[in-house]
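What follows is calculated from the coordinates using simple rules that are stated; it is not laboratory data. What you see is a predicted model; the values in this text were computed from it and never measured. Neighbour counts are summed over all protein chains in view; Cβ atoms, including those assigned to glycine, are modelled from backbone coordinates with ideal geometry.
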Amino acid sequence: MTASSQALPTSNLNSTLNQPTAHISYQFDFARFLEHLVDVALTFTADTDVPNLWLPAWIPGSYLMREFARNITAVHYRIMDDERSKVYRAIKTDKHTWQLPHAKAGQVVDVSYEVYCYDLSVRTAYVDQQRLYGNFTSLALAIEGQENKAVEVDLSVTAAFLADKDTSRVHLACGLEATESQNDKLRIYNLQADSYHELIDYPFEIAEQDKFDFIVQDNSHQTIGHHFYLAGKHRANMGRLQQDVTQICQTYLDWLGDAPFDDYTFLTFASGQDYGGLEHINSTSLITPRRDLPGANEPKGPSSDYQRFLGLCSHEYFHAWWVKTVRPDVMLDVDLRREAFTPLLWVFEGFTSYIDDFMLQASGVIDKASYLKLLTEQINRYYQTPGRAHQSVAESSFDAWIKLYRNDENTGNAGISYYNKGALVALCLDLTLLEKSAGRYRLFDVVKAFYSQAKQKDNKRIGISSADMGTVIGQFIPLADWEEFERRYVNGVEELPMQELLAANGIQLHINTKETADKHVPWGIRCTETPAGLKVNHVRRGSTAAKAGISAHDVIIAIDGIKADNKQLALFNDASQDVECYLFRRDELMCVSVVANVASEMRDSQQDKVGTASPHKVNLKLEKLGFDKWLTPDFVKS
């Protein structure tokens, strides 16, 4: 490879003015925020000849190969004690690895590259004139073989970014403690982490933010500080938000006894429509529609939108115990360049998706009737997903890398979400534990038992397998009962016994047998009305439309000789005779014959598969007695 005479970017020139150091340091320069670019300077001492740099391909908590390296342009480097001061271009050896051929062991190397940051999700990085947000998994190149060495980070914010802002409201939100320095041109935040692996578990946000602090107490009466940051345009009732989030967090401590962190930070960005969250070791990064935040006159019983946000906070907060501390075994020492396949995501995301809403009512933030509405939504999503008859929740977990984040028109036909079904399996397991232990034990006891094991380890973490699930659950009910449950509902696709389990705990599940899914999805298709006609988004397997040859992405233009719209489609849902349907597939006109009464055949086929017809809607109702034992666990304080 020949040396290049190309100059280093300005950010790297600034870093090289300082005396070379032997430790690992990063400088992130946000001067080009208007272009959504971050200039990165990395300085380290090579411990091998021809060192390699690499970037993660995925971020823990989001199981898809994100290929963060695609946002990095050319990587350059120079040897600090090289009198020629030549700038070399790193050689890429695979999709996320760069090699530095001219570097030798013992030499101090200065690396320079830029990262494009314009992904609004919580998984990557986003930079513009409003906010500087990032996960180091997509920003910081790792040095192969030196991932366990301490690192130092400078986040350099230019005066141009701070201009026209209320600088008293410009905060760094991050779970890592930071020191701040400032001059006329820069505000610099300095962070230090014990290792690269630690660094990448701390997202950061620099923006105008509203904030509040609160404390919760563990069972030893030790206080744990919490910090809540809210960026983006909003009119949230911060006092109400503080009250509710504090109540929820305290209830988790009442249950689990203590926390695997010394302090905790919520990073939240309010947007128009975006929604999501990602857990970290002592923080969570959230993005929410601003309408989900509490209003100035938020009623005592939170609105359904606000409940959704509180559920998100609850979900990600619990992950500090249940994913970051107790983990799937394959994710204890995980290689972020390769997939980590596990059948246990239903345990970690499913348990969490059950417990997150449950804790809203256990904390008293919502009442029992509101909780039953949230649970009803989970149950209805499950019943409206025919793929539950074909994919087990364990298989759904294992296939997360290729299916969950890659929905297409066949997703609902072929599979089930380990979040959705996992939550309902967790419900059934909780109620089964209550039944088989004569009311002594709960799912909460299982989780706490695993957490207690983790606290005995030097690193305060454990990885668990399917066998470990049996070992721990077998402490609370006969192992044979768990094995039967696992065979039927975890590894198998039998219909979940929700109706009978809920009934035994004072909850009636009412199924409207007339309101079948077919009635509300005519011909088994979901469509969008467009000026061109009805655009088909999804066709249910075995449905009237599927047997007629109608496919996703078709545009239906006429039904029985009349222009197609939703009313015309509904009119012929239960037709007693065959109907001609004209449609475009791509740019080709086709005519198909829709055969009458196929819908009932599909329902019969589905019933044979999963044991019951698929209702469109169910309702849950509190009976007069029997529900308190389930809905009021022992840790709830009066």
Would you be so kind as to identify which of VAL153, LEU172, LEU241 lies farthest towards the positive end of the dipole of region 149-243, taking Lys and Arg as +1 and Asp and Glu as -1 on Cβ and the Cα centre as origin? LEU241
Using only DSSP helix segments of four residues or longer, with each worth -39500 (n - 2.57), what per-residue ellipticity at 222 nm results for the chain after dividing by its residue count and rounding to 500? -7500 deg cm²/dmol
Cross-link pairs LYS300/LYS621; LYS233/LYS368; LYS300/LYS373; LYS617/LYS637; LYS300/LYS421; LYS324/LYS403 - those with Cα-Cα distance over 25 Å: LYS233/LYS368; LYS617/LYS637; LYS300/LYS421
From the residues ALA31, LEU429, CYS591, which one has its Cα farthest along the dipole of the chain in the positive direction, the dipole being from +1 and -1 charges on Cβ of Lys/Arg and Asp/Glu about the Cα centre? CYS591
Relative contact order, percent, of region 358-458 when contacts are C-alpha pairs under 8 Å separated by at least 6 residues? 21 percent
At most 16 other Cβ atoms within 10 Å and a DSSP loop assignment: could you name the trypsin sites (Lys or Arg not before Pro) in region 464-555 that fit? LYS514
Under the definition of Cα pairs under 8 Å and six or more residues apart, what whole-number percent is the relative contact order of the chain? 9 percent
Taking the dipole of the chain about the Cα centre (Lys, Arg +1; Asp, Glu -1; charges at Cβ), the one of GLY524, ASN52, SER353 that reaches farthest to the positive side is GLY524
Determine the relative contact order of region 65-121: mean sequence separation of Cα pairs under 8 Å and six or more apart, normalised by residue count, in whole percent. 42 percent
Where does each of 335-343, 55-63 land if you order them by average Cβ count within 10 Å, highest first? 55-63, 335-343
Among 419-430, 120-131, how do they line up from the highest to the lowest mean number of other beta-carbon atoms within 10 Å? 419-430, 120-131
